[in-house]
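Enquirer: One structure follows; several queries about it will come next.
Nothing in this text is a laboratory measurement; each read-out follows from the coordinates by a stated rule. Being a predicted model, the structure only gives us computed values, none of them experimental. Using ideal geometry, Cβ is built from the backbone for each residue, glycine included, and neighbour counts are taken over all protein chains shown.
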Protein chains: 2
Amino acid sequence: MKVKLGIIGYGGMGKWHAQNAPRAGVRIAAVCDIEDEKIKQAKEDGFVTYDSAEALLQDEDVNTVVLTVPNHLHKEMCIKAAKAGKHIVTEKPAALDIVELDEMELACKKAGVFLTVHQNRRWDKDMLIVKKAYEEGLLGNIFTIESKLHSANGYMHEWHLYKKYGGGMIYDWGVHLIDQILFMMPDAKINSVYADIKNVLHDEVDDYFKIILKMNNGVTAHIELSTYILNYAPRWLVGGDKGTMVIKTFAGEGAVYKTGVMLSKLPAQITETVAGPTRQFAPVPPGGIVEEPLPEVETDWIDFYRNVTDVLNNKAESKIKIAQVRRVLGVMEAARKSAESGKSILLEQ
Amino acid sequence: MKVKLGIIGYGGMGKWHAQNAPRAGVRIAAVCDIEDEKIKQAKEDGFVTYDSAEALLQDEDVNTVVLTVPNHLHKEMCIKAAKAGKHIVTEKPAALDIVELDEMELACKKAGVFLTVHQNRRWDKDMLIVKKAYEEGLLGNIFTIESKLHSANGYMHEWHLYKKYGGGMIYDWGVHLIDQILFMMPDAKINSVYADIKNVLHDEVDDYFKIILKMNNGVTAHIELSTYILNYAPRWLVGGDKGTMVIKTFAGEGAVYKTGVMLSKLPAQITETVAGPTRQFAPVPPGGIVEEPLPEVETDWIDFYRNVTDVLNNKAESKIKIAQVRRVLGVMEAARKSAESGKSILLEQ
């Protein structure tokens, strides 16, 4: 069975699916949007078009839809599509909260259709390098993983600016950054969630967050995003008792840092600062830190749609399971509660 | 009245006071230690020596002592010195906990002697640059201050390795890093304390911590220290709604980053990553971020002993007040409680 995809919403992500899904053998069967200009664009791009989701859902050539509409519409569109017998890929966040997700899942179960979520950041090269280091013990016992995303652009685009559409950075990116951590360490339980969420430049929706997950495997994950930090921290900093890994960008530039003689014995060094000496924070003697290349990983996002095809042909399990998506939404809700109350939220203990 | 200083403990910090305090007109009247080798060294350095604190405290030429003994001895030595009628400067942390500090303060009040603490990091250039930016609104409303100290040396020296001597990094450096934040924003209350404290390479004492202070002025301070991160983050990262400040080292190298056109309007940019596009985290167009030099500050640690002299001559208030020191100890205790329980500790609300 070939995936014959109906794209619901022809904005930035709708176009992106249209252009990229065919690489996995997916055929774009139809596109709909409620804006004339976007329908016109879709026609020019060579697609069958509709001016509403309802119309597209009646097209029997479509067996699967992708929901690339604003976040607040995912639930409604998902339930409609399920009732129309279509399999469903939704953009992330799958839903605004767990209650919505449960309704969506139930509707899909009832209709006997497949539901999955485009958590495309599971194919990010930078994250997969960290995952490999974790799995292979490359840094020894990892005690800290810092996942940071900084922008100097200051803005959010389009509907992401508004609360009623499910805007803000936790919905847009928090959902990826949390999912990546849980994907990386699937067997670890989350002991607690603590968060700081701010409105730096946007009054209506969050544009800064730090979410700290203490995991029961000894790792603490520090997830930070800002739309207005003008000198970016590395995308990843991972500290283990045998080394440190730094990955600067999405492209996966960075290195592993290890020490040779360091842990056995070193001559004490002293640094004199304006206000006094420090031995502890004196520099390491030259050659004390050895830089190694990052491990290699191969990744191709197109595996997402290959997996969707395989699932629909009973050849594989879904790589993005609703239980996982639900867990991430739970962390997002805990993060909001934590930020509002000043308290940490104990989970999964 | 001239400060005639008796140095109790002639280890690293004892020697440092001996060499540096005279710049403020302090005379080193005597030195004591319990180790023969250190007494020998003090004699060679030209000082009157004693083999016990008790003997030194009987020397009438000494009117003030500095306690440069391991942390667990501060209380005992302080009380003895107070009873002997000596004014007291103690190394940090002043005490292992608030209960000890209260006993010390009471003993000094009873004896009518002055007690202060060598919180020398209030004269650190890097911190004072951040303080200036905060006071002058250089970055607009500051939402985050990250104070980080990373070492690749992996070790701690001497008694800092042992719990019974008051070892570990929270006592050694946490006390400075917390004090700096509270010194920087004296009018802000601490809403909550959350901490992650780990034993990465040392089983007995902490060698990694992250302490998050949510302040009632909208600033969240993230204080992090590790003895084993091999690629250091900047000493400071400060984010405001008008710019970002980065200070790399104790020496105060770094810059202020600001945006010009950024906040009004920019052409949308898209970055294609392996796993999909991002507009939010696309790079800023060239010239979009303007780099400015850090503000200038002048600082001289010797003001610490000048202030001690002025206090003893009724010419000034103490710059390091016991109430401030007590507050820092309270945060350290809250941090430990938070790390043990996984909960945040609400304070000063």
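Enquirer: Explain nothing, just the number: relative contact order of chain B, from Cα pairs under 8 Å at least 6 residues apart, as a whole percent. Intermediate values should be presented prior to the final figure.
Expert: Working: 699 pairs, mean separation 60.8, N = 349.
Across chain B, relative contact order equals 17 percent.
Enquirer: Given all pairs of different Cα atoms, what value in angstroms does the Kirkwood hydrodynamic radius of the range B:270-329 take?
Expert: 17.2
Enquirer: Separate question: If the label for A:GLU317 sits 7 angstrom from Cα along the Cα-to-Cβ line, what are its distances to the same label in every other copy, in nm to one decimal, shortest first?
Expert: 6.5
Enquirer: Going by amide H atoms built from the backbone, whose H comes under 5 Å of the H on B:LEU230, apart from near neighbours?
Expert: It is A:THR244, by chain and number.
Enquirer: Using the Cα atoms of the range A:4-118, I'd like the radius of gyration and the largest Cα-Cα distance, Dmax, both in angstrom.
Expert: 12.9, 39
Enquirer: Taking neighbour counts of Cβ atoms within 10 Å as a proxy for exposure, in what order, fewest first, do B:LYS38, B:LYS110 appear? Present the calculation step by step, with values, prior to reporting the outcome.
Expert: Details: B:LYS38 19, B:LYS110 11.
By the 10 Å Cβ count, ascending, the order reads B:LYS110, B:LYS38.
Enquirer: Taking other Cβ within 10 Å of each residue's Cβ, how do A:ARG235, B:ARG327, A:ARG326 sort, fewest first? Could the numbers behind the result be given before it?
Expert: Numbers: A:ARG235 24, B:ARG327 18, A:ARG326 15.
Ascending number of Cβ neighbours within 10 Å: A:ARG326, B:ARG327, A:ARG235.
Enquirer: Going 7 Å from Cα along the Cα-Cβ axis for the label, what nanometre distances separate A:GLU253 from the same residue across the other copies?
Expert: Nearest first, the other copies' label points are 1.9 nm away.
Enquirer: If you add up the charges near B:LEU201, with Lys and Arg at +1 and Asp and Glu at -1, over every other residue whose beta carbon is less than 13 angstrom from its beta carbon, what do you get?
Expert: -3
Enquirer: In peptide B:231-239, what is the residue-averaged number of other protein chain Cβ atoms found within 10 Å of each Cβ?
Expert: 5
Enquirer: Give me the inter-chain shielding for B:30-38: mean count of other chain Cβ atoms within 10 Å, whole number please.
Expert: Counting other chains' Cβ atoms within 10 Å and averaging over B:30-38 gives 0.
Enquirer: Turning to a different aspect of this structure: Just the Kirkwood number for the range B:32-95, please: inverse of mean 1/r across all distinct Cα pairs, in Å, one decimal.
Expert: 12.1
Enquirer: Next question, about the same structure. Copy-to-copy spacing for A:TRP159, label 7 Å out on the Cα-to-C-beta vector, in nm, shortest first?
Expert: Label-point distances to the other copies, shortest first: 6.5 nm.
Enquirer: Looking only at other chains, what is the average number of their beta-carbon atoms within 10 angstrom of each beta-carbon in B:240-253?
Expert: 4
Enquirer: Another question about this same structure. With n ≥ 4 as the cut-off for DSSP H runs, can you work out [θ] at 222 nm for chain B, using -39500 (n - 2.57) per run divided by the number of residues, rounded to the nearest 500?
Expert: Using -39500 (n - 2.57) per qualifying helix, the result is -8500 deg cm²/dmol.
Enquirer: Let me check the size of the range B:143-276 from its C-alpha atoms; what are the radius of gyration and Dmax in Å?
Expert: Taking only Cα atoms of the range B:143-276, I get Rg and Dmax of 18.2, 60 Å.
Enquirer: Oh, and also: Is there a pair in A:LYS214/B:LYS198; B:LYS86/B:LYS110; A:LYS164/A:LYS210 whose C-alpha atoms are over 18 Å apart, and which pairs would that be?
Expert: Where the Cα-Cα span goes over 18 Å, the pairs concerned are A:LYS164/A:LYS210.
Enquirer: Follow-up. What number, in nm² with one decimal, is the all-direction average of the projected area of the convex hull of the alpha-carbon atoms of the range A:97-209?
Expert: It is 9.6 nm².
Enquirer: Taking Cα atoms of chain A, Rg/Rh with Kirkwood Rh, to two decimals?
Expert: Working: Rg = 22.7 Å, Rh = 22.0 Å.
Answer for chain A: 1.03.
Enquirer: Mind sorting B:ASP179, A:ASP51 by how few other Cβ atoms lie within 10 Å of their own Cβ, fewest first?
Expert: In order of increasing Cβ crowding within 10 Å: A:ASP51, B:ASP179.
Enquirer: If you don't mind, another one. Once the cut-off is 25 Å, how many percent of the Cα-Cα pairs in the range B:237-349 end up in the long-distance tail?
Expert: I get 61 percent for the Cα pairs in the range B:237-349 exceeding 25 Å.
Enquirer: Oh, and also: Running Debye on the range A:152-194 with equal point scatterers at the Cα sites and no solvent, what base-10 log of I(q)/I(0) appears at q = 0.21, 0.23 Å⁻¹?
Expert: -0.77, -0.82
Enquirer: Quick one: Kirkwood hydrodynamic radius for the protein assembly as shown, alpha-carbon pairs, angstrom, one decimal?
Expert: Value: 27.7 Å, from the Cα pair sum.
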